[in-house]
Amino acid sequence: MNEERYAKQIKLKGFGLPAQQLLQDSKVLIVGAGGLGTPCAQYLNGAGVGTIGLIDDDTISLSNLPRQTLFDEAEIGLSKIEVLSQKLTRQNPATNFICYHHFLTPANALAIINEYDIVIDASDNFGTRYLVNDCCVILNKPFVYGAVQDFEGQVSVLNYQDGPTYRCLFPGNDEPGTSILNCDDNGIIGVLPALVGTYQAMEAIKIITGVGTPLSGHLLIMDMLSQSHFKIALSPNPDNQKITGLKESYAVPVCSSDVPLIDVATLKEWLHSGKEIVLIDVRTAEEFNSGQWLGSKNIPLTALAARQEEIDFNCPVVTICQSGSRSKNAALLLMKENNQRRVFSLQGGLSSRL
């Protein structure tokens, strides 16, 4: 170990040489070499993780460059993991990189994941996340979840020390034919995945070294428009730990959840017709006081789980935020408590109000 390289980390209180040695001895698999995977790999490599596996079969495109900033125009068309591993080797020659030039599938996933201590899920679709989850449950491996949509990011540590799994967070249908929004249609700002990928790297470091408290049992949500960070508690479902085998195939819907959406025009029609509706604004009190939909009730997302008894679920409930991101999480939370509830999220949030 080159102690001079890692001198700043070694000096950290509670870290020292023992933690640095644990990083050197660890093996981390990163599934996906895109907006989340590239910054995550860069910082794990810099921190001194001894072996990093990279799995992806994608090539670099022009539209990748705003958020995958380790790549450049001269590399368009080249393999992402090939270029990434070469650049990171120059950054830290001591790291052992293992490249898998294909996507993760039910046929290869168990054999690959079994070789690693931790999995970083840096994929961009539900199918791969469910596949990673099921493998990690079967093999008793922790994995670090990260996702981005619009201006919102999410991070959690799953399947760690009997904590919640991905199916506890998203128990919805992952069968082929599930209808879900596509991130290519929604778009993304490049700064967001860089932030989420960096958070994922930090969670992996915490798990490996035992320093700090990993995000097991909590979902961290980052809203870049309001610069608000908050955590939602997650409860484990013991049934989700009973997976013993993989499915033959996993659907690959992209970047959203099974939350019913309602657009502004339809909501206005409902209200104009006299339809009884409950409007729940899940922004902060400060945001709510600066302007809100007339008739809405403010229950911030961070308090929603504890204040559900204030909501009348005998009629449709519409959750509202500024951009539509937090309201989707709010609707999902309410539906998880009771899947018979009629809950909708306002698509586009107040920003799309006519």
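No value in this document is a laboratory result; all are computed from the given coordinates. Note that the structure is predicted; figures quoted are calculated from it, not measured. Glycine gets a Cβ as well: all are built from the backbone with ideal geometry, and neighbour counts include every protein chain shown.
A few remarks follow.
- Each of 281, 117 has some number of other Cβ atoms within 10 Å of its Cβ, and from fewest to most they run 117, 281.
- Loop-resident sites, segment 192-280, for trypsin sites (Lys or Arg not before Pro), counting at most 12 other Cβ within 10 Å (DSSP): 242, 275
- Antiparallel DSSP beta bridges within the chain, percent to nearest 5: 40
- Relative contact order (%) - segment 7-241, alpha-carbon pairs under 8 angstrom, separation at least six: 22
- Relative exposure of 54, 139, judged by other C-beta atoms within 10 Å (fewest first): 139, 54
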